[in-house]
Amino acid sequence: MRYTLGMIRTGIGFDSHRLAEGRRLVLGGVEIPHGRGLLGHSDADALAHALCDALLGAAAAGDIGQHFPDTDPQWKGADSMTLLVRVTALLREAGWRIVNTDATVMAEAPKLAPHVPAMRARLAEAMGLDVSRVSVKAKTNEGMDAVGRGEGISVMAIATIGKNATAEENT
Ligand code: MG
């Protein structure tokens with residue numbers, strides 16, 4: 001007998017990028033005025049990248065480096081919202097729906113709290129979710145380690161996804 005059961009999966013993601021002169025600072029698809037920006041092949045949006053990895057991890061579908069290799073010129077300077085839209089589509093094709101996401105951005109400067117509502121809105125839009133399902137939190141590293149010295153920004157993310165599944169798929 002085949003019947004459906006709710007199947008829930010959770011994934012984690014982490015990303016960090018160095019801060020460098022002459023770069024735009026983009027986090028969660030929002031450009032934030034700051035003297036320096038994150039260094040990377042794409043726009044180096046560490047928040048979007050950590051979320052992509054959390055979503056891919058939940059689906060056991062590899063990681064961001066595998067899907068969007070930084071050796072591929074296609075992703076040079078890429079808007080990471082495009083990557084998040086693609087990851088969302090990849091999960092949907094496999095029958096998954098995103099339940100919710102959460103993230104903590106660790107940055108000594110600038111102050112990110114005023115930008116959190118805009119980040120949540122952009123990320124929610126990219127993932128096709130109501131903003132109530134998308135959480136972003138920001139904190140400093142209390143002056144400790146490289147993040148605390150302002151050398152870079154790190155992000156931790158978690159995602160929960162779900163789908164209906166047959167009993168066989170659930171074993
Ligand atoms: Mg990255």
### Message
Can you compute the charge dipole magnitude of the stretch 2-88 about its Cα centre, using +1 on each Lys and Arg Cβ and -1 on each Asp and Glu Cβ, nothing else charged? Give it in debye, rounded to the nearest 20.
### Response
200
### Message
How far apart, in nanometres, would the label points at V85 and H67 be if each is projected 7 angstrom from Cα along the Cα-to-Cβ direction?
### Response
1.4
### Query
If you take the beta carbon distance between T140 and N100 as r and set R0 to 25 Å, what does 1/(1 + (r/R0)^6) give as a FRET efficiency, to the nearest 0.05?
0.50
### Query
Magnitude of the Cβ-charge dipole of the chain, K/R +1 and D/E -1, about the Cα centre, nearest 20 debye?
380
### Query
How about the stretch 26-98: which trypsin sites (Lys or Arg not before Pro) there lie in a loop by DSSP and see at most 13 other Cβ atoms within 10 Å?
K76
### Query
Roughly to the nearest percent, how much of the accessible area of the stretch 37-157 is carbon and sulfur, given a 1.4 Å probe?
53
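May I ask you to give the solvent-accessible area per residue for the stretch 54-106, in square angstrom, as obtained with a 1.4 angstrom probe?
Computed with neighbouring chains in place, this is 48 Å² per residue.
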### Task
Give a quick list of GluC sites (Glu not before Pro) in the stretch 61-159 that DSSP marks as loop, anything other than H, G, I, E or B, with at most 10 other Cβ atoms within 10 Å.
E142
#### Entry: Residue-averaged 222 nm ellipticity for the chain, from DSSP H runs of 4+ at -39500 (n - 2.57), nearest 500
-8000 deg cm²/dmol
### Query
Let a ≥ b ≥ c be the square roots of the eigenvalues of the Cα gyration tensor of the stretch 58-117; is it rounded (a/c under 1.5), or, if not, prolate (a/b larger than b/c) or oblate?
oblate
### Rounded FRET efficiency, nearest 0.05, which uses the C-beta distance separating K111 from A167 and R0 of 41 Å
0.25
### Message
What translational diffusion coefficient, to the nearest whole µm²/s, does the chain have by Stokes-Einstein, given a Kirkwood radius computed over alpha-carbon pairs, a temperature of 25 °C and 0.890 mPa s viscosity?
### Response
150
### Amide hydrogen neighbours beyond the local backbone of V99, cut-off 5 Å, H modeled
T160, I161, G162
### Message
At R0 = 41 Å, how high is the FRET efficiency between E21 and R133 if r is their beta carbon distance? Nearest 0.05 is fine.
### Response
0.70
### Message
Placing unit charges on C-beta atoms (Lys and Arg positive, Asp and Glu negative, everything else neutral), compute the dipole magnitude of the stretch 92-171 about its Cα centre in debye, rounded to 20.
### Response
280
### Message
Rounded, prolate or oblate for the stretch 113-171? Axes are the square roots of the Cα gyration tensor eigenvalues, ordered a ≥ b ≥ c, and the cut-off for rounded is a/c under 1.5.
### Response
oblate
### Task
Per residue of the stretch 78-87, in order, report the coupling 6.51 cos²θ - 1.76 cosθ + 1.60 (Karplus, θ = phi - 60°) as ³J(HN,Hα) in whole Hz, putting x for Gly and Pro.
4, 6, 5, 4, 4, 5, 5, 4, 5, 5
### Query
List the trypsin sites (Lys or Arg not before Pro) in the stretch 131-171 that DSSP assigns to loop (not H, G, I, E or B) and whose Cβ has at most 14 other Cβ atoms within 10 Å. Which are they?
R149
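The values are calculated or read from the model by the stated rules, or taken from the named source; none is laboratory data. None of the values given here were measured: they were computed from a predicted structure. Here Cβ is always computed from backbone atoms with ideal geometry, including for glycine, and neighbour counts include all displayed protein chains. We work out accessible area using only protein heavy atoms, side chains counted, and drop any ligands, DNA or RNA first. Shrake-Rupley method; radii C 1.70, N 1.55, O 1.52, S 1.80 Å.
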